[in-house]
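Taking it in order: structure first as structure tokens, then the write-up.
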Amino acid sequence: MNDLIAFCGLNCEKCEARIATVTNDNILREQVSRKWCEMNNTDQITPETINCMGCRGTGVKFYYCSHLCEIRKCAVEKEYGSCGECPEKHSCTKLNAILENNEEAKRNLQDNL
């Protein structure tokens with residue numbers, strides 16, 4: 001499976017935090033931190049925290065992805081390469097919250113089994 005496809009099927013290659021990290025773009029980090037603060041009703045996401053190389057890959061990860069994401073925690077604990085391997089994927093409310101709103105993520109899990 002492509003390491004830039006997250007456990008949930010989202011494409012980390014398209015993530016603005018990863019793009020800012022790879023390109024070392026501080027302006028994009030600032031834009032992403034403002035946008036994510038608004039989306040999450042917080043002021044805790046600063047440009048300095050916008051660093052990530054992807055959910056499943058090696059390297060730095062955004063704090064949410066590495067410490068708070070329940071989907072990632074579950075898949076790592078069960079030693080799955082992705083949620084696509086999980087026999088409970090169709091009944092998982094956490095995973096389905098993403099898949100119901102993101103056709104690409106759904107396809108990524110199906111295509112990369």
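Just need a number here: residues in the range 73-99 that are of a type outside the set (Asp, Glu) and open to solvent by 30 Å² or more (accessible area, probe 1.4 Å).
15
Could you give me the residue pairs with C-beta distances under 6 Å whose first residue belongs to the range 94-113 and is at pLDDT below 90, whose second residue is open to solvent by 30 Å² or more (accessible area, probe 1.4 Å) and of a type outside the set (Ser, Thr, Tyr) wherever it lies, and which are 6+ apart or on separate chains?
Between residues of the range 94-113 that are at pLDDT below 90 and residues that are open to solvent by 30 Å² or more (accessible area, probe 1.4 Å) and of a type outside the set (Ser, Thr, Tyr), the close pairs are 112/1.
With the checklist (1) of a type in the set (Lys, Arg); (2) closer than 19 Å to residue 109 by Cβ; (3) under 13 Å from the mean Cα position of the chain (by Cα) in hand, flag the one item residue 61 doesn't pass.
(2)
Considering every residue within the range 13-26, establish whether at least one is in contact with a Leu (Cβ under 7 Å, 6 or more places away or on another chain), of a type outside the set (A, V, I, L, M, F, W, C), in contact (Cβ under 8 Å) with a residue 40 or more places away in the chain and open to solvent by less than 40 Å² (accessible area, probe 1.4 Å). Write out each step before concluding.
Taking the range 13-26 and keeping what is in contact with a Leu (Cβ under 7 Å, 6 or more places away or on another chain), we get 13, 16, 19-20.
Within this subset, residues satisfying the condition of being of a type outside the set (A, V, I, L, M, F, W, C) are 13, 16.
Among the residues that remain, those that are also in contact (Cβ under 8 Å) with a residue 40 or more places away in the chain are: 13.
Going one step further and asking which of them are open to solvent by less than 40 Å² (accessible area, probe 1.4 Å), we end up with none.
Looking through the range 13-26, none of the residues is in contact with a Leu (Cβ under 7 Å, 6 or more places away or on another chain), of a type outside the set (A, V, I, L, M, F, W, C), in contact (Cβ under 8 Å) with a residue 40 or more places away in the chain and open to solvent by less than 40 Å² (accessible area, probe 1.4 Å).
The values are calculated or read from the model by the stated rules, or taken from the named source; none is laboratory data. None of the values given here were measured: they were computed from a predicted structure. Neighbour counts run over all protein chains shown; Cβ positions are idealised from the backbone, glycine included. For the accessible areas, the whole protein counts, side chains as well, though only heavy atoms, and no ligand, DNA or RNA atoms are used. Shrake-Rupley method; radii C 1.70, N 1.55, O 1.52, S 1.80 Å.
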